[in-house]
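Only one structure is covered here, and it is reproduced in the block below.
Each value in this text was obtained by applying a stated rule to the coordinates, not by laboratory testing. Everything numeric here is computed off the predicted structure, so don't read it as measured data. Here the Cβ is made from the backbone with ideal geometry for all residues, glycine too, and neighbour counts use every protein chain on show.
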Amino acid sequence: MTLTEKWNSIVSDFQTNKSSKEEAVQKLWEEIFADAVVFGYSRRSGEIDIWRNIQVGSRERTIPDIIIRDSINDKDLFVVELKQHNLPFNKAYREQLFSYMRLLELKVGILICDKLYIYYRENNNTEYSLEISFVKNSMIGEKFIELFSKGCFNKDKIKDFLIKIEKTKSNVSLIKSDLRSLDLKKLLNEYFSEKYSIEEIELALKDLNISITDNFGSPVRPVRPVSPVPLGNPVSSQKNRCTKGEIINLLRNNGYEMENYTTTYASKNDTMDIYWANPSYSMLQRNWNLILNDNINRVVYIFRIPACSGLENRLIARADRTEKIDLQIYYNDFTFTDSRSKISFKPFYVGKVDY
């Protein structure tokens with residue numbers, strides 16, 4: 001059985017048990033870890049330790065769902081926390097997993113709910129993580145099986161893989177940002193210069209409108225240069241600055257209903273490549289419009305988040321005002337990912353308006 005076939009079989013089992021209760025989910029993952037052709041851990045040798053009683057202070061309680069062990073060296077390898085497969089990520093689930101990792105002195109843990117989350121923690125200040133969706137033919141899903149199979153588990157390799165994934169995501173964001181400054185016609189001139197004359201190339205390109213377009217059909221424009229200002233005086237895009245009221249009127253005039261939604265509005269930060277806002281958590285109890293204004297390229301993006309979407313337990317609060325969300329969405333990132341919670345707002349995207 002190939003890694004692809006192994007991962008796809010897990011995805012099929014996950015989908016079949018999407019609405020199953022936790023008892024069925026527990027049984028499923030015990031069987032998956034014990035499957036000789038998938039992970040290959042042995043129940044008989046005690047390598048799949050379920051509901052271990054762990055002494056905590058003066059009382060004994062049953063805690064982790066599954067602890068995977070190395071029977072030869074008699075040591076724990078990693079801990080697994082299971083939730084129903086139809087439940088979205090919740091910070092409380094993660095903290096529960098972290099508490100088990102601390103008690104067991106383990107650096108690696110897995111949380112499984114509607115997605116699979118891998119965590120590596122050296123201490124409270126060093127943490128790497130990876131989110132894997134249960135979709136077929138996932139290369140990352142295959143890598144998960146490879147790294148966590150019996151005889152292959154190595155926490156240092158897992159750490160290196162998670163660091164590599166984070167670096168790749170960062171580099172992809174930088175590449176997207178750099179694409180904005182490319183002169184595509186100049187690159188095409190260079191590409192064709194060995195086969196054709198400059199005059200022929202210029203004639204061929206003369207009537208062409210060449211651009212890179214994102215998934216939303218929005219052209220990726222070159223970043224407009226900003227005049228340098230003295231240190232301490234932040235760059236401001238006052239020329240393109242619009243008030244929340246002006247942008248709402250713009251959206252209304254372009255056919256977007258605004259009356260039945262509470263609205264959060266954020267422009268690109270003057271000194272950082274983010275959209276920064278601090279809406280109240282109470283916003284998530286109602287239908288919510290999130291409006292992002294790219295005041296450099298003069299584009300407004302609109303997102304609609306339905307009431308009780310599940311984000312209330314996933315977005316990160318401000319440290320000084322816990323009733324407020326610390327929303328910091330990457331600029332030039334067309335997955336519209338919040339840098340704090342790593343949540344993409346792309347699923348809630350409904351449209352854009354140029355101005």
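Quick notes on this one:
- Under-5 Å amide H pairs with LEU77, H placed in peptide plane, nonlocal only: ILE68, ARG69, ASP70
- Cα-based values for the range 30-158, radius of gyration first and Dmax second, are 14.3, 48 Å.
- Members of LYS18/LYS150; LYS21/LYS155; LYS159/LYS324; LYS107/LYS150; LYS150/LYS176; LYS155/LYS324 lying beyond 29 Å, as alpha-carbon distances in this model show: LYS21/LYS155; LYS159/LYS324; LYS150/LYS176; LYS155/LYS324
- Between 0 and 90°, nearest 10: helix 139-148 axis offset from the chain longest Cα axis: 30 degrees
- What the Cβ-Cβ distance of LYS169 and VAL350 gives, at R0 = 22 Å and to the nearest 0.05, is a FRET efficiency of 0.35.
- Rough spin-label spacing in nm, given labels placed 7 Å along Cα→Cβ, for LEU184 and THR243: 3.8 nm
- Backbone phi angles across the range 158-174, fed through the Karplus curve with coefficients 6.51, -1.76 and 1.60 (θ = phi - 60°), yield HN-Hα couplings of 5, 4, 4, 5, 5, 5, 4, 4, 5, 5, 4, 4, 5, 5, 4, 5, 5 Hz in residue order; Gly and Pro are listed as x.
- Along the range 333-341 the Karplus relation, 6.51 cos²θ - 1.76 cosθ + 1.60 evaluated at θ = phi - 60°, assigns HN-Hα couplings of 10, 7, 8, 6, 8, 6, 5, 7, 9 Hz to successive residues, with x for each Gly and Pro.
- Prolate/oblate/rounded label for the chain (Cα gyration tensor, a/c 1.5): prolate
- Projected label distance in nm at SER280 and CYS308, using a 7 Å step from Cα toward the beta-carbon: 2.0 nm
- For the range 88-204, the relative contact order is 13 percent, taking Cα pairs closer than 8 Å that sit 6 or more residues apart in sequence and dividing their mean separation by the residue count.
- Point-charge dipole on Cβ atoms (K/R +1, D/E -1) for the chain, about Cα centre, debye to 20: 660 debye
- Counted charge near GLU202, where neighbours are those whose Cβ lies closer than 15 Å (Asp, Glu -1; Lys, Arg +1): -1
- Prolate/oblate/rounded label for the range 52-128 (Cα gyration tensor, a/c 1.5): rounded
- Restricting the range 101-198 to chymotrypsin sites (Phe, Trp or Tyr not before Pro) that sit in a DSSP loop and have at most 10 other Cβ atoms within 10 Å of their own Cβ leaves nothing.
- Restricting the range 35-99 to trypsin sites (Lys or Arg not before Pro) in coil, as DSSP defines it, with at most 11 other Cβ within 10 Å: ARG44
- In the range 255-336, the trypsin sites (Lys or Arg not before Pro) that fall in loop regions by DSSP, at most 14 other Cβ within 10 Å: ARG286, ARG318, ARG321
- For ASN295, residues with placed amide H under 5 Å, excluding near neighbours: LYS268
- Loop-exposed GluC sites (Glu not before Pro) per DSSP, neighbour cap 10 Cβ within 10 angstrom, longest uninterrupted part of the chain: 1-104
- Net charge contributed by nearby residues that have their C-beta within less than 10 Å of ASP114 (K/R +1, D/E -1): +3
- Charge tally around LEU82: other residues with Cβ under 15 Å, Lys/Arg +1 each, Asp/Glu -1 each, net -2.
- Cα long-axis angle, helix 3-16 against the chain (0 to 90 degrees, to the nearest 10): 80 degrees
- Here the 3J(HN,Hα) profile of the range 287-304, calculated from phi with Karplus coefficients 6.51, -1.76 and 1.60 at θ = phi - 60°, is 5, 10, 8, 10, 10, 10, 10, 7, 7, 7, 9, 6, 10, 10, 9, 10, 10, 10 Hz, Gly and Pro shown as x.
- Cα-based shape type of the range 1-80, given that a ≥ b ≥ c are square roots of the gyration tensor eigenvalues and the cut on a/c is 1.5: oblate
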